[in-house]
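Notes follow the structure.
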Amino acid sequence: MVIHLVLLGLLSLCSLSFSQGCQPEFQENVDFPGSDITFLYSPDEKHCQLLCTQHPSCLFFTFIRADWTKDGRHFYCYLKSTTSGKPNSETPLQGVTSGFSLKPCNAGSEPCLSQVYQNVDFYGSDYKSLFTTDYEECQRACTQDPACQFFTFLNGDFTPQIYRYKCHLKFSWNVPRTPIVERTAGLISGFSLKTTKTQKFDADCQNTFFPITDIPGSDLQVLKAVSPEHCQFLCSAHPQCTYFSFLSNEFSCYLKNNPNEMVTKANEGITSGMPARFCQLDDNWAKVAYEGLDFRGSDIKYELMENAQTCQKTCTEDPDCQFYTYVNENFSDRNFWRRCYLKRVITMPSPAKVNKLDDVVSGFSKRNCDTALL
């Protein structure tokens, strides 16, 4: 744990100390080789830049465009970082575009993604399909559906003919997920109070949980959660989650998909339940400071603070912070005492895969655009 905190602390300080200022411009046919953190799929360099901006440690990126010819990679967005904050080198390379995170630009955390992409498929992540007259109507359908983050429309020339005019609505996570939850003495973790500020309903939910109960099988996805209420929040955010099971000793939230039946089984240490779709969930779970838990990784930066309450308040007031970990005086190494680590993950729409495909149009919900509902 100490090693993790040292490394994360150094990365946080480096990213702050060596910030290069706001550099929104792109460098076409220039590669920033090496220094990769990860790669994600992206339809263009602007979307790639926004992914880099939301990633906690990305400082710059290289995007492989559709006109790349050296191999079969297209639409790859390589997120990168160095301790200096600068690329180790910049080399000419046809078919790529490079640039920098917009973190120093104080960019908005909910960008408008109005661009559509001809002959580009956002492959997978479907949860619903319908027929629409054109891609504009498909995009409006996506914008009006709270679960839809992006879409792919098959136009009137698509082959096979039976799929023409089909509009595929697609999902990606737009609420924060804590990638790692671990028990560690001396640490206190929790959430920004913005975490649960999603769509508001007039009616409060009448929650029903099934303690000491598992619903085996039908697993859709496994995420980390701190409580059954947190697990229910995650299940409610996913349009395909029909019920869930939470394993308290592992902090594992099993989202499940079976609209036909729900078979329960008695099991110690497991709490199951159902999502809430059209009522207001209780968000008290997000207000709790969880003692002895570490939300390891995903650090933006750290600051010295007197207590965990101030750490949560700072996280809530920081537009980029989604959750936090605070180091108190029970931690084994006093060099880390009073550190408040502010954390985040990517929550903007992010297709699982992007491909070239003739006679399709893909794009994003315009929910965050001024003209989204026009």
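Scan the strands (runs of 3 or more DSSP E) fully inside segment 268-353 and keep the ones with 1 or more residues being over 24 Å from Pro104 (Cβ atoms) and assigned by TED's automatic domain parsing to the domain that holds Ala185. Give the steps one after another, and end with the answer.
Details: elements: 290-294, 299-304, 323-327, 339-343.
Answer list for segment 268-353: 290-294, 323-327.
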Original post:
Would segment 8-25 turn up any residue that is out of contact with any helix residue (DSSP H, G or I) (no Cβ under 7 Å at 6 or more places or on another chain), at pLDDT 95 or above and surrounded by fewer than 23 Cβ atoms within 10 Å (Cβ to Cβ)?
Top reply: yes
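Conditions tested, residue by residue: (1) touching a Gly at 6+ places or on another chain (Cβ under 7 Å); (2) under 23 Å from Tyr76 (Cα atoms); (3) modelled with pLDDT under 95.
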site: Arg296; (1), (2), (3): no, no, no
site: Met305; (1), (2), (3): no, no, no
site: Thr325; (1), (2), (3): no, no, no
site: Asn335; (1), (2), (3): no, no, no
site: Val345; (1), (2), (3): no, yes, no
site: Pro349; (1), (2), (3): no, yes, no
site: Ala352; (1), (2), (3): yes, yes, no
site: Asn368; (1), (2), (3): no, no, yes
Subject >> Sole residue being closer than 30 Å to Cys315 by Cα, surrounded by 20 or more Cβ atoms within 10 Å (Cβ to Cβ), of a type outside the set (Lys, Arg) and in contact with a Lys or Arg (Cβ under 8 Å, 6 or more places away or on another chain), chosen from Leu223, Leu193 >> reply: Leu223
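Looking at this structure, is Val30 of a type outside the set (Ser, Thr, Tyr), touching a residue at least 12 places away in the same chain (Cβ under 8 Å), surrounded by fewer than 19 Cβ atoms within 10 Å (Cβ to Cβ) and more than 30 Å from Ile162 (Cα to Cα)?
Numbers: of a type outside the set (Ser, Thr, Tyr): yes; touching a residue at least 12 places away in the same chain (Cβ under 8 Å): yes; surrounded by fewer than 19 Cβ atoms within 10 Å (Cβ to Cβ): yes; more than 30 Å from Ile162 (Cα to Cα): yes.
When the stated conditions are applied, Val30 passes them.
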Subject >> Residue check for Thr195: more than 22 Å from the chain's Cα centre (by Cα), among the hydroxyl-bearing types (Ser, Thr, Tyr) and within 26 Å of Pro56 (Cβ to Cβ) >> reply: no
**OP:** Look at Pro179 and say whether it is assigned to a loop (DSSP other than H, G, I, E, B), touching a strand residue (DSSP E or B) at 6+ places or on another chain (Cβ under 7 Å) and more than 23 Å from Phe295 (Cβ to Cβ).
**Re:** no
**OP:** Please give the number of the condition Pro176 fails out of (1) touching a Gly at 6+ places or on another chain (Cβ under 7 Å); (2) touching a residue at least 24 places away in the same chain (Cβ under 8 Å); (3) not hydrophobic (A, V, I, L, M, F, W, C).
**Re:** (1)
Original post:
If the Cβ limit is 7 Å and pairs must be 6+ apart or interchain, which residue in segment 254-277 that is within 10 Å of Phe210 (Cβ to Cβ) and in contact (Cβ under 8 Å) with a residue 12 or more places away in the chain pairs with which residue that is among the aromatic types (Phe, Trp, Tyr) and surrounded by fewer than 19 Cβ atoms within 10 Å (Cβ to Cβ)?
Top reply: Thr264/Phe210; Thr271/Phe209; Thr271/Phe210; Ser272/Phe210; Gly273/Phe209; Gly273/Phe210
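Within segment 199-217, restricting attention to residues that are in a strand (DSSP E or B) and touching a residue at least 60 places away in the same chain (Cβ under 8 Å), which residue is surrounded by the most Cβ atoms within 10 Å (Cβ to Cβ)? Can you show your working first?
Start the filter on segment 199-217 by keeping residues that are in a strand (DSSP E or B), which leaves 204, 209-214.
Adding the requirement that they be touching a residue at least 60 places away in the same chain (Cβ under 8 Å) leaves 204, 209-211.
Numbers: Asp204: 11, Phe209: 15, Phe210: 18, Pro211: 12.
Out of the qualifying residues, it is Phe210.
The values are calculated or read from the model by the stated rules, or taken from the named source; none is laboratory data. Because the structure is a prediction, the values reported are computed rather than measured. Reconstructed Cβ throughout: ideal geometry from the backbone, glycine too, with neighbour counts over all protein chains shown.
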